[in-house]
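Here's the structure we're looking at; comments come further down.
Taken together, the values in this text are just the output of simple stated rules run on the coordinates, not laboratory data. Quick caveat, the model's predicted, so the values are computed rather than measured. Cβ: placed from backbone, ideal geometry, glycine included. Neighbour counts: every protein chain shown.
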Amino acid sequence: MERDVWFRKWLWAYVPVHWKGLALIFGAVVSVFVCFGVLVLAAQFFERPAIAFTIVVPFIYILITALRIAARHSA
């Protein structure tokens, strides 16, 4: 089965060339903001400000997942 080309490899980055590539980038950015918001709300609810600094964990997971999808759908 042939895969759709959503990204083009340019230098060291992936450039979106299809609406699905833009949707992937938009979804990754929105999910990072949502994770940050949930962590800030949890920090306020549990009165532990250090909880908000764990944003690195979901950010790295989302980044790695988005890069794997971009590599799979690139030409």
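Miscellaneous remarks
- Residues of region 14-23 include none that is out of contact with any Cys (no Cβ under 6 Å at 6 or more places or on another chain), surrounded by fewer than 11 Cβ atoms within 10 Å (Cβ to Cβ), free of Cβ contacts under 8 Å to residues at least 60 places away in the same chain and not aromatic (Phe, Trp, Tyr).
- Region 36-74, subset among the charged types (D, E, K, R) and more than 11 Å from the chain's Cα centre (by Cα), residue farthest from Ala13 (Cα to Cα): Glu47
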